[in-house]
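A.B. asks: Dropping the structure in here first, questions after.
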Amino acid sequence: MIQEPFATGSSHIHCLDPRLKILFATAYSFIVALSNRFPALFAALMLSLLLIGLARLNVWKVAKRVALVNGLILFLWLVLPLTFEGTPLFHLGPLSVTREGVLLCARISLKSNAILLIFIAFVSTMPITTLGHAMNRLRLPGKLIHLLLLTYRYVFVIDQEYQRLVRAAKIRGFRPKTTINTYRTYAYLMGMLFVRASARAERVHHAMVCRGFDGRFYCLRHFSPTRTDWIWSAFMISIILGLLSLEWTRII
Amino acid sequence: MDKNNLIINLEEISFIYPGGAPVLNQLGLQLHRGERLGLVGPNGSGKTTLFQIIMGLLRPSSGRIEILGRTVAREKDFREVRKRIGLLFQDADDQLFSPTVLEDVAFGPLNLGKSKDEAREISMRTLEMLGLAGFEDRITHNLSGGEKKLLSLATVLAMEPEALLLDEPSNGLDDNTKEKLIEVLSGLDLSYILITHEADFLAKTVDRICRMENGKILTDIESYPHYHLHEHARGRYPHEHH
Ligand SMILES: Nc1ncnc2c1ncn2[C@@H]1O[C@H](COP(=O)(O)OP(=O)(O)OP(=O)(O)O)[C@@H](O)[C@H]1O
Ligand SMILES: [Mg+2]
């Protein structure tokens, strides 16, 4: 189920204007994704770690999330060095590990971790509702935002409905096994869940229509930047400039 | 009563769900201004369906609907109706679709064309009236069942309707919250139709009761709420009732 373990806190980063955090995380991610030189990528990873530290998040929980993504990256390490064309570093039987393949994997690992960490530090440190409101204030498309917010609102309801169905199956003696009957039961449960979700969607739409819904959503939240926000934005701009110069001017 | 005082006037309404048995059969129902009407009937007798027909969410296969003195038939007519009659849904999770409490209450007023400040003002006032002051920034799905129910009522009342359709408002409420609801309902100067399966709640909230059965309102056994003495295990000893 959706949990927001990082959303609340009292660190400086938690208190920043959410619009600023979204803008910075986005700009930073683009720059990291487009960078190719190792000094820039290493600097980015270090900065991300530093910012995670400043957000004072539970290290264990952060590590678990990061591990999840790195599991996928591990597969790249198993495949890419062997299949990517280039100068061989050494041979493993009939296969050869290429220099280019290893470098590519290293870049991908650095980039994805830096981006993931910055999003944990800056975007997951606000409740989803605040994220929606801030996106609205940044003039992102309303439909997108309300898709996000309605999903967030009903994912819990649908989960409850699923738990109810599972409980109903359990009290009638259902125990998951690897039999065709188990698979059939799960298929029924899923089917039932879709039916209920669509009936629910219709009732929610009715409720919206009853309250005069005409396709428009409104946002009542206001954000006003404080002095700290201005100081932080100066800091963020220098981070971005620093990364840019590491990548495009060859200082190091 | 004279016709000018009619808020809702249904004549010979019939309705069938596609592929189902007839739910409403030549049904007639009147709600007058200032009247507080209770609607009872067995599960599946079509009470919720009837409310949806009044709000124009379902269209009857035949019959005439007159709301506040005007015949309504098309979507455009019902849009007016929805501004003046509020429907409280049987399931609060259907009614509360916004992520935060304040946004949910303000949704109706904003759609009625109120400014953001006015909408906020109205919402805070309504929340206060229902004892939900301080809830405005709470996340909707984290509220308890009773709080959700009261909040649903707040979202309806914030539109300042002339009449209410309440679908099992007391369902799942504890005695204190029920008392609170009764207090709120009797403090409102609004006409309403209320569906409930609870006799005690009914006795405290309505002046007249209609029974629905076989797709019709049974006018001949139209009744008036009253209390009954009851029997139970500890009856012999002095005890308190809520
Ligand atoms: N969407 C639907 N499609 C087909 N049949 C439906 C649908 N909704 C309700 N029904 C059927 O219509 C009948 C009336 O349903 P309705 O929900 O109006 O009853 P109700 O009086 O509100 O019952 P309850 O007291 O249980 O809330 C029931 O037999 C129900 O099975
Ligand atoms: Mg019902």
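A.B. asks: Would you mind stating whether B:L185 is in contact with an Asp or Glu (Cβ under 8 Å, 6 or more places away or on another chain), open to solvent by less than 30 Å² (accessible area, probe 1.4 Å) and in a helix (DSSP H, G or I)? Spell out how you get there, then give the answer.
C.D. replies: Working: in contact with an Asp or Glu (Cβ under 8 Å, 6 or more places away or on another chain): no; open to solvent by less than 30 Å² (accessible area, probe 1.4 Å): yes; in a helix (DSSP H, G or I): yes.
Criteria not met by B:L185.
A.B. asks: Consider the stretch A:129-171. How many of its residues are within 11 Å of chain B (Cβ to nearest Cβ) and closer than 29 Å to A:L41 by Cα?
C.D. replies: Result for the stretch A:129-171: 1.
A.B. asks: In the stretch A:130-152, is there at least one residue being among the basic types (K, R), assigned to a loop (DSSP other than H, G, I, E, B), over 14 Å from the mean Cα position of the chain (by Cα) and at pLDDT below 90?
C.D. replies: No - not one qualifying residue is present in the stretch A:130-152.
A.B. asks: Of the residues that sit in the stretch A:193-252 and are within 26 Å of the chain's Cα centre (by Cα), open to solvent by 70 Å² or more (accessible area, probe 1.4 Å) and closer than 30 Å to B:A92 by Cα, which one is farthest from the other protein chains (Cβ to nearest Cβ)?
C.D. replies: Checked the stretch A:193-252; the qualifying residue farthest from the other protein chains (Cβ to nearest Cβ) is A:F194.
A.B. asks: Anything in the stretch B:114-133 that is within 9 Å of chain A (Cβ to nearest Cβ) and open to solvent by 20 Å² or more (accessible area, probe 1.4 Å)? List them, or say none.
C.D. replies: B:K116, B:R120
A.B. asks: Follow-up question, since we're still on this one. For the stretch B:73-113, how many residues are assigned to a helix (DSSP H, G or I), open to solvent by 60 Å² or more (accessible area, probe 1.4 Å) and within 10 Å of chain A (Cβ to nearest Cβ)?
C.D. replies: Number satisfying all stated conditions: 3.
A.B. asks: In the stretch B:58-72, which residues are closer than 18 Å to B:G215 by Cβ and either surrounded by fewer than 16 Cβ atoms within 10 Å (Cβ to Cβ) or within 14 Å of chain A (Cβ to nearest Cβ) (or both)?
C.D. replies: Listed by number, the residues that qualify are B:L58, B:R59, B:S61, B:S62, B:R64.
A.B. asks: Right, something else. Could you check, for the stretch A:31-45, whether at least one of its residues is at pLDDT below 95 and in contact with a strand residue (DSSP E or B) (Cβ under 6 Å, 6 or more places away or on another chain)?
C.D. replies: Scanning the stretch A:31-45 turns up no residue that is at pLDDT below 95 and in contact with a strand residue (DSSP E or B) (Cβ under 6 Å, 6 or more places away or on another chain).
A.B. asks: Consider A:F156 against the criteria (1) open to solvent by less than 80 Å² (accessible area, probe 1.4 Å); (2) modelled with pLDDT of 90 or more: it satisfies all of them except one. Which criterion is unmet?
C.D. replies: For A:F156, the exception is condition (2).
A.B. asks: While we're here: Give the stretch B:188-197 a look and list any residue that's modelled with pLDDT of 90 or more and either part of a loop (DSSP other than H, G, I, E, B) or within 16 Å of ligand 1 (Cβ to nearest atom) (or both), or say none.
C.D. replies: B:L190, B:I193, B:L194, B:I195, B:T196, B:H197 - these are the residues of the stretch B:188-197 that are modelled with pLDDT of 90 or more and either part of a loop (DSSP other than H, G, I, E, B) or within 16 Å of ligand 1 (Cβ to nearest atom) (or both).
The values are calculated or read from the model by the stated rules, or taken from the named source; none is laboratory data. Computed from a predicted structure; not experimentally measured. Positions of Cβ are backbone-derived with ideal geometry, glycine not excepted, and every protein chain shown enters the neighbour counts. Protein only, heavy atoms only, side chains kept; ligands, DNA and RNA dropped before computing areas. Shrake-Rupley method; radii C 1.70, N 1.55, O 1.52, S 1.80 Å.
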